[in-house]
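Here is the structure we will look at.
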Amino acid sequence: MREEEKMSEKRYVVELDMEEREELKNIIQADRMSIEKRIRAQVLLMVDQGPEGARWTDEQAAKAYGRRVETVAELRRRLVERGFRGALERKPQVSPSRIRKLDETGERELVAIAKSEPPEGRARWTLHLLARQLVIQEVVSSISHETVRKGLKKTSLSPTVK
C-alpha cells in the first residue's frame, strides 16, 4: 500500500493553525516543561497535515521520538476528540489508584489508641501492636504496620518524633 493511501485512511487528521503551531513551539522551547509534554508537542508538530505542517507519517514520528506508532495515533485521536489542551495534558485521574485504609475517622481512632495505655506487659505501643488493635476494634479489616507508621507520621505521635 502506498503512503498516500495510508494517509487518506487516517481517521484523525491533525491540521494545526498558526496559533496552535506557535503555542507548540513555545512549549518545546520552555525552560520548565515536562519531557513528556514537550515530546507530545514535537510529535503534533511533525504529524501536522496542514499547509505549513511537516506531514510526517506516524511511523516517522514514532521512530524519531522513541514512541510506538500506536502512541502517535492515540495522540492524534486525543487532539481531534479532546482538543488542543486534552492532547497535551495528562487525563486527570477519576479515582485514586488505591483506596485509603485510614480515612480521617480511622486516623482519629489510631491517635486515640496510640495515646491510650499500652497493653499489659508493654512499656509502649509498637506499630505492629497498633495495627493489630485497629483490626481488633474493627476500625479496618486489615492494615500493615507501615500504614500505621504513615498515619502516625502526620501527627506528633510519630515514633521518630522526640
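No lab work stands behind these numbers, since they all come straight from the coordinates. This is a predicted model, so every value here is computed, not measured. Cβ: placed from backbone, ideal geometry, glycine included. Neighbour counts: every protein chain shown.
Evaluated with a Cβ-only charge set (Lys, Arg +1; Asp, Glu -1), the chain carries a dipole of roughly 940 debye about its Cα centre, given to the nearest 20. If you look at the Cα atoms of the chain, you get an Rg and a Dmax of 26.8, 81 Å.
This model, with +1 at the C-beta of Lys and Arg and -1 at the C-beta of Asp and Glu, gives the range 72-129 a dipole about its Cα centre of some 520 debye.
Can you sort THR57, THR155 by how many other beta carbons sit within 10 Å, fewest first? Spell out each step's value before the answer.
Working: THR57 16, THR155 13.
Taking fewest neighbouring Cβ atoms as first place, the list is THR155, THR57.
A DSSP coil position with no more than 15 other Cβ atoms inside 10 Å describes the following GluC sites (Glu not before Pro) in the range 9-90: GLU15, GLU52, GLU89. Run the numbers on the chain and let me know its relative contact order in percent, using alpha-carbon pairs under 8 Å that are six or more apart. Relative contact order for the chain comes out at 14 percent. Relative to the globular-protein estimate of 2.2 N^0.38 Å, the Cα radius of gyration of the range 104-153 stands at 1.02. In this structure, the residue pairs whose Cα-Cα separation is over 32 Å, taken from LYS91/LYS150; LYS25/LYS91; LYS63/LYS91; LYS25/LYS150; LYS91/LYS154, are LYS25/LYS150. Fewest-first ordering of ARG21, ARG100 by other beta carbons within 10 Å of each residue's beta carbon gives ARG100, ARG21. Taking 19 Å as the straight-line reach from the Cα of LYS115, the aspartates and glutamates in range (excluding those fewer than 8 positions away in the same chain) are ASP103, GLU104, GLU107, GLU138, GLU146.
Just to be sure I understand the rule: take each whole DSSP H helix in the chain, project its Cα atoms onto its long axis, keep it if the span is 20 Å or more and its mean Kyte-Doolittle hydropathy is at least -0.5. Which ones pass?
Correct list, ordered by number: 69-88.
From the helices alone, meaning DSSP H stretches of at least four residues, give me the mean residue ellipticity at 222 nm for the chain, per-run term -39500 (n - 2.57), in deg cm²/dmol to the nearest 500. Please list the in-between numbers first.
Working: 8 runs with 91 residues, N = 162.
Using -39500 (n - 2.57) per qualifying helix, the result is -17000 deg cm²/dmol.
Just need log10 I(q)/I(0) for the range 3-88 at q = 0.14, 0.16, 0.21, 0.27 Å⁻¹, Debye formula, equal scatterers on the alpha-carbon atoms, no solvent, rounded to two decimals. The calculated log intensity ratios at q = 0.14, 0.16, 0.21, 0.27 Å⁻¹ are -0.42, -0.56, -0.99, -1.62.
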